[in-house]
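Laboratory data are not the source of any read-out in this text; all were calculated from the coordinates shown. All figures in this text were calculated on a predicted structure; none of them were measured in a lab.
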Amino acid sequence: MINDTKPQDDPAVAEELRGVPKDMLETGDGGDVGESLEAALAQLRGDLDAAKQDVLYAKAETQNVRRRMEKDIADSRAYAATGFARDILSVSDNLSRALESIPQELREDEKLKNLVAGIEATAREIDKVFAAHGISRIAALGLPLDPNQHQAMLEVPSADAEPGTVLQELQAGYMIKDRLLRPAMVAVAKKAE
């Protein structure tokens, strides 16, 4: 007796064939349906593998985007005050200049003593606020010129100091956390003639 059952009649095969277009199952030339079926299954498995790979790439890209976004948010929080800090540095500079320009006899004058003490207290308060926000002054005097932190404004002949050593700080430089906020403007030693 000849077996008249088709591969589609087998429940396991029928399950795998679910969703396979009918034109893939028909050979049209009277060829073997099993070969056509295997080719269709191989095609589907290939498509499934490609889809899995695409999903993995999409997950990886999503994770990379999330990490970049988290880093950008952290940087935004850490350096949000940068623009304001740059602006307030000029206020701090002017306050320092005002304190430096007060002669000693005026500092001891009873009428101005409280005014000078108030200006000094304001300067200390600005320094505390800077420290609270990670803003620190760059060391310059007596150190070798560091182009990442110092900006050489002029060279001064000196027999005492090594060439490239900072002799004078014309304007204080500041860092905000690990980034340069403003370079220190300095005068640098050069060989005496």
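Classify the range 82-134 as rounded, prolate or oblate, taking a ≥ b ≥ c as the square roots of the eigenvalues of its Cα gyration tensor: rounded when a/c is under 1.5, otherwise prolate if a/b is larger than b/c and oblate if not. Mind dumping the intermediate values first?
Details: a/c = 3.86, a/b = 2.27, b/c = 1.70.
Prolate, because a/c is 1.5 or more and a/b exceeds b/c.
Quick one: grab the alpha carbon gyration tensor of the range 88-178, order the square roots of its eigenvalues as a ≥ b ≥ c, and give me rounded if a/c is under 1.5, else prolate or oblate depending on whether a/b is larger than b/c. Intermediate results must be reported in sequence, preceding the final value.
Values: a/c = 3.30, a/b = 1.49, b/c = 2.22.
Since a/c reaches 1.5 but b/c is at least a/b, the shape of the range 88-178 is classed as oblate.
At 0.36 nm per residue, minus the direct Cα-Cα distance, what do Gln53 and Arg68 gain on full extension? Give it in nm, one decimal, please.
Working: separation 15, 0.36 × 15 = 5.40 nm, distance 2.27 nm.
Here the answer is 3.1 nm.
Two decimals is fine: what's Rg over Rh for the range 136-191, C-alpha atoms, Kirkwood radius as Rh? Don't jump to the answer; show the numbers that get you there.
Working: Rg = 11.0 Å, Rh = 11.0 Å.
Radius of gyration over Kirkwood radius for the range 136-191 works out to 1.00.
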